[in-house]
């Protein structure tokens with residue numbers, strides 16, 4: 001059963017790869033389909049991969065979208081291109097897009113003390129800002145104890161902050177980088193103060209609706225969500241349903257769900273100016289630095305090419321770095337029983353979006369994503385040579 005997968009392709013339920021602009025994109029779509037499908041036969045035989053939803057885009061148009069494997073290991077329901085999964089920390093770059101919108105509207109200053117937008121936020125030894133939070137250099141801590149596994153429902157962003165807001169900063173802001181999802185939950189509350197509306201309402205009005213991301217939103221466990229996968233983990237070599245969690249304390253830090261096609265649409269909005277003006281897009285994707293001038297490896301939420309190279313070096317897979325350029329922006333996500341990866345490569349105008357419903361599947365997503373970027377790079381080079 002593990003080697004069986006479904007190719008339910010495209011936003012319109014087509015049975016062939018989505019194509020755009022004629023033969024050129026059709027050729028690349030066929031190569032991507034062949035390559036990704038070939039890998040899936042091996043990946044789905046492992047307990048570390050249960051199901052994957054995948055979408056690839058070229059020049060702003062989705063050319064291949066598909067689901068593979070099982071949405072639920074018990075019911076044997078199959079993953080399709082409309083299956084929703086957890087975006088995990090890719091939620092941070094969704095939130096970064098709202099930062100961009102409020103900046104462009106003159107409603108947000110990245111360098112004001114956080115109390116400018118959250119007057120009742122507890123004072124700390126040092127002041128810190130949205131800019132510092134966005135690059136994980138404000139000193140706000142990450143998860144501790146069982147927070148990642150929280151089952152408590154928080155009805156508002158403000159109430160979610162009570163989990164950590166009284167704790168001291170772990171270091172002086174802008175002196176180092178330390179990854180924190182809680183920092184992005186502070187950003188969500190600051191955006192409420194800047195935009196004068198609830199965070200989720202602003203995300204819907206300014207991000208999801210304008211981009212036609214109709215299958216994206218918060219994973220609100222108090223509501224029924226159609227086409228939502230079950231989530232899995234591996235224990236002692238056996239795949240099982242992951243524990244229940246309620247992510248309402250961290251919408252901005254890791255609480256959204258959606259389809260791979262929606263995620264690809266979002267990535268496409270960051271290839272070129274349009275959804276954001278050029279000044280905002282450049283700001284969102286430019287690497288920040290700490291006080292001594294050392295690169296932080298994070299832009300406004302987005303990870304950068306150097307961060308990916310570091311990750312590949314840790315995996316002893318640095319040879320894969322030739323599949324992307326210095327312009328790459330990306331983000332990964334890890335949730336209870338789920339992982340996600342969004343790659344946006346402006347040089348080749350390629351976006352790859354993937355989610356998996358097994359917490360052990362991240363290496364598979366990295367491999368699939370970089371394979372796709374390599375195919376796009378080769379395709380662009382071949383097309384240019386023919387001209």
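With neighbour counts taken as other beta-carbon atoms within 10 Å, the residues 82, 221 rank, fewest first, as 221, 82. Across every direction, the projection of the convex hull enclosing the Cα atoms of the range 242-387 has a mean area of 10.8 nm². Between 40, 137, 355, the residue with the greatest mean-square fluctuation in the GNM of the chain (Cα pairs under 10 Å linked by springs) is 40. Going from the fewest other Cβ atoms within 10 Å to the most, the residues 136, 39, 34 appear in the order 34, 39, 136. Over the residues of the chain, the helix contribution to mean residue ellipticity at 222 nm works out to -9500 deg cm²/dmol, using -39500 (n - 2.57) for each DSSP H run of at least 4.
At full extension, residue 291 and residue 46 could sit 83.7 nm farther apart than now, given 0.36 nm per residue minus the alpha carbon distance. Full extension of the chain between residue 347 and residue 235 yields a length gain of 36.3 nm, computed as 0.36 nm times the residue separation minus the alpha carbon distance.
FRET efficiency for the pair residue 35 and residue 170, taken as 1/(1 + (r/R0)^6) with r the Cβ-Cβ distance and R0 = 41 Å, rounds to 0.45.
Here, the chain has an Rg and a Dmax of 20.1, 62 Å when only alpha carbons are counted. Note on residue 179/residue 384: beta-carbon distance plugged into 1/(1 + (r/R0)^6) with R0 of 35 Å gives a FRET efficiency of 0.35.
Taking Cα atoms only, the orientation of helix 23-43 departs from the longest principal axis of the chain by about 80 degrees.
For the pair residue 147 and residue 224 in one chain, pulling the backbone fully straight at 0.36 nm per residue adds 25.3 nm over the alpha carbon distance. Using a cut-off of under 13 Å, list every residue of the range 156-191 whose amide N is near the label point 7 Å from the Cα of residue 120 along the Cα-to-beta-carbon line. Output list for this probe position: 156-162.
Between the alpha-carbon centres of the range 67-122 and the range 223-263 there is a gap of 14 Å.
Every number here is computed from the coordinates shown, using simple stated rules; none is lab data. The structure displayed is predicted, hence computed values, not measured ones. We place every Cβ from the backbone using ideal geometry, glycine too, and count neighbours over all the protein chains shown.
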